[in-house]
Amino acid sequence: MTEDVTPPSLEPFVPPGMGKADGPGTVHIRSLVKSFGPHAVLKDINLDISAGEVCVLIGPSGSGKSTLLRCIDGLEQIDSGVLKVNGEHLGFREEERSFKPLKRKELRVQRTQIGMVFQQFNLFPNMTAVENVTVGQIMVKGTRKAEARERALRLLAQVGLNGREDHYPSQLSGGQQQRVAIARSLAMEPQVMLFDEPTSALDPELVGDVLDVMKGLADGGMTMMVATHEMGFAREVADSLLFMADGYIVERGDPREVLANPQESRTRQFLRKVL
Amino acid sequence: MDATAKPRIHRRGTYEYVMWAICLLIAAGIAYSLITNPRYQWDVIGDYLTDGTVLKGLWLTLWLTVLVMLIASVLGMLVAIMRSSKIPPVRILAIGYISVFRGTPVLVQLILWFNIAALYPNIRLGIPLTSIGVKLDTNSLISAITAAIIGLSLNEAAYMAEIIRGGFNSVPKGQLEAGDSLGMTEAMKIRRIIIPQAMPTIIPATGNQLISMLKETSLVSVLGVADLLQSVQLIYARTYETIPMLLVACIWYLIVSILLNYPQSKIEAYYTKSRQAIRLQKVEPVAEVPT
């Protein structure tokens, strides 16, 4: 796997019917670089995600999918490049000659507008399902308790967890936990939702429920970036498919086309292994 | 119980019988010596076990233990939070505190606090670099008992800080990332995520510290504080019944430690099984969603 991949000069792919405009629900990335020590994980990322687009990220492990999503959520700080989420530079304010870091408070406001769903759910085990969904609303957004609970119950119903609100995470199956985690993110009313291999830690029979919830979100017009190995989901739900390898975006296009007829040899190699 | 369930079998081997024999032999030897050696003076021990002076000393030992542990827990929590800070000077301050108070003998610290007036004869409470404030005589401010409370609390806080930090570190990183992702501040994460999840690690260790502290308080007798040990010392200084009086103190320390051991083992069992598992019993079992 040491062969060097030359960054292909792709025309930024825009799914049909979607514009390139800036604003809520969009992600724009130019020449993004991220290293951990001497190890460059993201080498030159250029990407545009339109409002309402569902973009699926595939690629071998270590290709940088997770790191890219974590950068977009602000969990990792980027080394260089431009990263705009919801039309704003993440963590920075653009001034005439330079970028000024945002105050922590301003960064937190940006973060509430981006939802992240983790592979390991990361639900708070000391809180019930409904508390997990209300805690962010109450503490961060200052929503009144009754109102927060009402919205939490509505969201838990939306992800198919009616009657499970007073269960602790340890009393729920992996699939149920992940759906609570999705509800927890949605409660903050984000404009972009990021999913970092949301079904990889689940037993196969529980994957479907989570994917159904995600499909429902996509149908509702949410901008979504999903790192996954579920090619069926990519084919059925995604507007665009993005293949990453060695820190580069190797190929991007219509999911059905890319899956059926990949243009790059790296993509072909990878798809042969997983399909 | 289903048909395949089998009764528990405990097979006694030769080894176990030999160990039982040794155990009983040792117990019998100790009992024989305790009963037949008149120098234990059991009658004296019996007389003084509930003596007024002894009970007053016991009471002081008990409240001193509880007070010191309370102060040390609060202070230790503060130091632990500072120790985990991202800001270097705050962290260094906490590391310095822990090194100094954990790295010197607590007995020496107690004597130093008692003699603090030799270093600072006067303490001025007020605004630095101005003349506003009051000047106080250190000797009248720091009595033996205050020196005992300050000395033990500051020392114990260093240990508590390390226990609490250990608890903080046991919280998975993903939990904090989830908090970050929701836009929580550091304070919110500490209050709602870190502390509740660190408690199962912290509480059993704190119980352990409480039992140690009960015995550690006996050090304050060197300052002339009338704790349990000092009380029996006062008596045997008068009556020369040194050994029986020391045994009186030991019996009380032992009784209280054993009493504290019971809730301690309960707490440990509770947290080993994890809080959530306990709660599980109160809620009806989860039926799996049919797929």
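The values are calculated or read from the model by the stated rules, or taken from the named source; none is laboratory data. Just so you know, these numbers come straight off a predicted model, no measurement behind them. Backbone-built Cβ (ideal geometry, glycine too); neighbour counts: all protein chains shown. Ligands, DNA and RNA are excluded from the accessible area calculation, which covers all protein heavy atoms including side chains. Shrake-Rupley method; radii C 1.70, N 1.55, O 1.52, S 1.80 Å.
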Using θ = phi - 60° and the Karplus curve 6.51 cos²θ - 1.76 cosθ + 1.60, what whole-Hz ³J(HN,Hα) does each residue of region B:38-43 get, with Gly and Pro shown as x? x, 6, 5, 6, 4, 5
Regression test value, accessible area per residue of chain A, probe 1.4 Å, units Å², expected 44 Å²
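Beyond a 27 Å Cα-Cα separation, which of these cross-linked pairs lie in this structure: B:K86/B:K215; A:K84/A:K141; A:K100/B:K86? Write out the running numbers ahead of the final one.
Working: B:K86/B:K215 37 Å; A:K84/A:K141 23 Å; A:K100/B:K86 21 Å.
From the list (B:K86/B:K215; A:K84/A:K141; A:K100/B:K86), the Cα-Cα distance tops 27 Å for B:K86/B:K215.
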Modelling each spin label as a point 7 Å along the Cα-to-Cβ direction, I'd like the B:I127/B:I30 distance in nm, to one decimal. 6.5 nm
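With the cut-off at 1.5 for a/c, could you classify region B:58-155 from its C-alpha gyration tensor as rounded, prolate or oblate?
Because a/c hits 1.5 or more and a/b fails to exceed b/c, region B:58-155 counts as oblate.
If the chain between A:E147 and A:R268 were fully stretched, how many nm would it gain, using 0.36 nm times the residue separation less the Cα-Cα distance?
On the way: separation 121, 0.36 × 121 = 43.56 nm, distance 5.02 nm.
Value of the extension gain: 38.5 nm.
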Classify region B:41-269 from the C-alpha gyration tensor, please: rounded if a/c falls under 1.5, else prolate or oblate depending on whether a/b exceeds b/c. oblate
Which far-off residues, 5 or more places away or on another chain, put their amide H under 5 Å from the one on A:V117, with H placed in the peptide plane? A:L194, A:F195, A:D196
Heavy-atom accessible area of region B:41-269 with neighbours in place, 1.4 angstrom probe: carbon+sulfur share in percent works out to 70 percent
Selected from A:I182, A:I72, A:I138 as most flexible by GNM, with chain A as the system and alpha-carbon contacts under 10 Å: A:I138
Interface size between chain B and chain A, please: total buried accessible area, 1.4 Å probe, rounded to the nearest 100 Å². 2800 Å²
Region A:172-275 - percent of accessible surface contributed by carbon and sulfur, probe 1.4 Å: 41 percent
SASA check, B:L119, accessible area w/ 1.4 Å probe, all protein chains in place, rounded to nearest 10 Å², comes out at 120 Å²
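What accessible area per residue comes out for region B:161-219, rounded to a whole number of Å², with a 1.4 Å probe? Numbers along the way, then the final one.
Details: 2180 Å² over 59 residues.
Counting only protein heavy atoms, the per-residue value for region B:161-219 is 37 Å².
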Per-residue mean of other chain beta-carbon atoms within 10 angstrom of the beta-carbon, peptide B:181-194? 6
Cut-off 10 angstrom, C-alpha nodes, Gaussian network model of chain B. Which of B:A117, B:A72, B:A80 fluctuates the most? B:A117
Give, ordered by residue number, each residue of region A:66-81 whose 1.4 Å probe accessible area is reduced by a minimum of 50 Å² on adding the remaining protein chains to the chain alone. none
Of A:R97, A:R184, A:R108, which is the most mobile in a GNM of chain A whose springs link Cα atoms less than 10 angstrom apart? A:R97
Chain B - percent relative contact order, Cα under 8 Å, separation 6 or more: 24 percent
Once you put a point 7 Å from the Cα of B:Y262 and another 7 Å from the Cα of B:V18, both along the Cβ direction, what distance in nm separates them? 3.8 nm
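Counting alpha carbon pairs within less than 8 Å and at least 6 residues apart, what relative contact order, in whole percent, applies to region A:217-272?
Numbers: 41 pairs, mean separation 13.0, N = 56.
It rounds to 23 percent for region A:217-272.
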Just tell me how shielded A:149-158 is by partners: mean number of partner chain Cβ atoms within 10 Å of each residue's Cβ, no decimals. 0
Ranked output for segments A:59-66, A:38-45 by mean other Cβ atoms within 10 Å, highest leading, reads A:59-66, A:38-45
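Enter the mean number of other protein chain beta carbons within 10 Å of the beta carbon of each residue in A:118-125, as an integer.
Working: counts 4, 1, 5, 2, 9, 3, 8, 9.
Counting other chains' Cβ atoms within 10 Å and averaging over A:118-125 gives 5.
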Put +1 on the Cβ of every Lys and Arg and -1 on every Asp and Glu Cβ in the protein assembly as shown; which of B:Y262, A:G74, B:Q233 then has its Cα farthest towards the positive end of the dipole? B:Q233
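So, for region B:16-134, what is the accessible surface per residue at a probe of 1.4 Å, expressed in square angstrom? Write out the running numbers ahead of the final one.
Values: 8120 Å² over 119 residues.
Per-residue value: 68 Å².
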